[in-house]
1. Shape of segment 205-259 from its Cα gyration tensor (a ≥ b ≥ c, root eigenvalues): rounded if a/c is under 1.5, otherwise prolate when a/b > b/c, or oblate?
2. Among the listed pairs K71/K258; K65/K234; K234/K258; K63/K241, which are separated by more than 30 Å between their Cα atoms?
3. Compute the angle between helix 39-63 and the longest alpha-carbon principal axis of the chain, please, reported from 0 to 90 degrees and rounded to the nearest 10.
4. Give the cross-link partners of K178 among the aspartates and glutamates, using a straight C-alpha distance below 17 Å as the criterion and excluding same-chain residues fewer than 8 apart.
5. Suppose only helical runs count, i.e. DSSP H with n ≥ 4. What mean residue ellipticity at 222 nm does that imply for the chain under -39500 (n - 2.57) per run, divided by all residues and rounded to the nearest 500 deg cm²/dmol?
6. Under 25 °C and 0.890 mPa s, how fast does segment 1-119 diffuse according to Stokes-Einstein, given a Kirkwood radius computed over C-alpha pairs? Answer in µm²/s, whole number.
7. Estimate the FRET efficiency between W211 and L81 by the formula 1/(1 + (r/R0)^6), using the beta-carbon distance for r and 30 Å for R0, to the nearest 0.05.
8. Whole angstrom only: what separates the Cα centroid of segment 220-259 from the Cα centroid of segment 22-41?
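None of the figures in this text is laboratory data; all of them are computed from the coordinates on show. Since the model is a prediction, treat every value here as computed from it, not as a measurement. As a convention, Cβ positions derive from the backbone with ideal geometry for all residues, glycine included, and neighbour counts pool all protein chains shown.
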Amino acid sequence: MYIIGLIISLAIGVILGLVGGGGSILTVPLVHYVFGEPMLLATTYSLFVVALSAAFGSVQRIKNKEVDFQKAFVFVVPSMLTAVAVRMWVMPLIPVDFELFTLSLHRATIITILLIVVMVYTALRTLLNKKPPKVDGVSTITIVLFGILTGLLSGFIGAGGGFIIVPILLSMGLDMKKAVATSMFIIAVQSGIALIGDFFNPEILEMGINWELLLSITGVTILGVFLGNQFQKKVSTSWLKKAFSILLLAVAIGLLLKL
């Protein structure tokens with residue numbers, strides 16, 4: 001299972017390198033179900049992997065002047081502030097087991113449900129939405145609101161939110177290449193800042209981090225990002241997104257069956 005997990009990590013990195021986001025949503029179920037880490041800790045691992053992988057992918061794109069820092073700033077500030085607030089103050093308040101009305105719930109179940117909802121939404125949006133984003137059709141308020149939304153997703157489930165960020169950047173007038181590069185930069189900053197909140201969570205500190213495992217996953221994912229960057233001009237991103245959407249639906253169904 002360890003080797004299979006690393007192969008999946010490589011695939012996640014390739015997807016991140018090719019389309020600027022989306023693959024990170026698979027990191028949490030990978031760490032939890034394949035490597036057997038607790039669900040809360042899996043979100044921490046995901047933030048770490050996504051932050052470093054996206055940062056690595058951003059370096060070359062910054063050198064190539066593909067990152068639009070002005071548009072990234074508007075998006076990333078509300079996003080990172082929301083994400084770190086969730087990790088630092090909200091997550092420690094959620095008990096492992098609690099009751100909602102007459103239902104007995106487990107925190108891991110709530111995280112899994114959120115993952116399923118995001119996976120299904122991402123997959124269906126990609127498969128069914130045929131219209132290109134309308135350029136300059138997004139107000140600053142809308143951008144800030146979507147920044148907060150991606151911050152919430154990053155804080156609660158450890159996903160970068162590239163599936164939201166890229167379409168918004170396209171609507172702001174960026175071409176696909178710059179949108180992917182800018183999305184990767186936003187994800188790196190957002191996930192890295194969100195990770196700071198985990199150092200203030202006693203539960204995560206008590207569980208402890210398996211650094212050998214985490215660094216292995218991160219290293220392989222970064223390799224995947226490098227490969228994705230190299231293949232970007234040679235692979236049809238349209239075909240890749242459709243294949244990835246089908247994979248997301250399959251994983252979502254698998255998670256649903258495990259509830």
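1. Note, shape of segment 205-259 comes out oblate.
2. Over 30 Å apart, Cα to Cα: K71/K258; K234/K258.
3. Here the helix axis deviates by roughly 20 degrees.
4. Reachable aspartates and glutamates: E66, D68, D136.
5. After summing the helix terms and dividing by residue count, I get -24000 deg cm²/dmol.
6. Answer, rounded: 151 µm²/s.
7. 0.60
8. Using only Cα atoms, the two centres lie 15 Å from each other.
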